[in-house]
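Read through the structure below, which is laid out as structure tokens, and then see the notes.
What follows is calculated from the coordinates using simple rules that are stated; it is not laboratory data. Please read all numbers here as calculations on a predicted model, not as lab measurements. Every residue, glycine as well, gets a Cβ built from its backbone with ideal geometry; the counts of neighbours run over all protein chains shown.
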Amino acid sequence: MPKRFLTASFVLICALGLSGGALAGNIAQITQTGDYNEASIQQVGDWNEASQTQIGTCNDVSANITGDSNTALQCQWGNDNVATIDISGSSNNTALQCQWGNDNVATIDISGGSNNTALQCQWGNDNVATIDISGGSNNTALQWQKGGHTSTIAIIGDDKWVCIWGS
């Protein structure tokens, strides 16, 4: 699959996810611009959805979701960057993270459930990305990195599909 297509798809997913499609249950959205940035969403319960955007300076973000059909989406632009998603619970969990520029670190940890998907993209600078999916079936994990690179994907489950590439 061409890199441009995946990049465009991920940016589109980011944009659509940040527009806040509605599901029954909890929805949380945080958007920040500039300076020292820090954000956190923690949800427990049914059809949770979380999206966070940060632009500028020190950055930090987290999600921590427990329960049913969860989705978490996190995007960061510039500077010190860190992003973390912990999803633990039932089926149809999805976690997406993108980082553009500077020091970058991204971690996704999905434990349990089925039909889990995790995607991380990092453009530029030092990069580190980790995805850890521990249970369930039909798991998918994708990572793309451009910059300093480091990568880890560990899946224990059924129908794994793993892809890592960097440039």
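Over region 68-133, what is the mean sequence separation of C-alpha contacts under 8 Å (at least six apart), divided by residue count, expressed as relative contact order in percent?
Details: 165 pairs, mean separation 21.8, N = 66.
Once normalised by length, the contact order is 33 percent.
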Query raised in the report: So what is the 222 nm mean residue ellipticity for the chain from helices alone, if each DSSP H run of at least 4 adds -39500 (n - 2.57) and you divide by all residues, rounding to the nearest 500 deg cm²/dmol?
Result: -3000 deg cm²/dmol
Requested in this report: Run the numbers on the chain and let me know its relative contact order in percent, using alpha-carbon pairs under 8 Å that are six or more apart.
Outcome: 13 percent
Query raised in the report: At what distance in nm do the modelled label points of Trp161 and Val44 sit from each other, each positioned 7 Å from its Cα along Cα→Cβ?
Result: 3.4 nm
Query raised in the report: In percent, what relative contact order does region 115-156 have, based on Cα pairs under 8 Å that are 6 or more apart in sequence?
Result: 50 percent
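For the chain, compute the orientation-averaged projected area of the C-alpha convex hull (one quarter of its surface), in nm². Show your work: numbers first, answer last.
Numbers: hull surface 32.3 nm².
The orientation-averaged projected area of the Cα hull of the chain comes to 8.1 nm².
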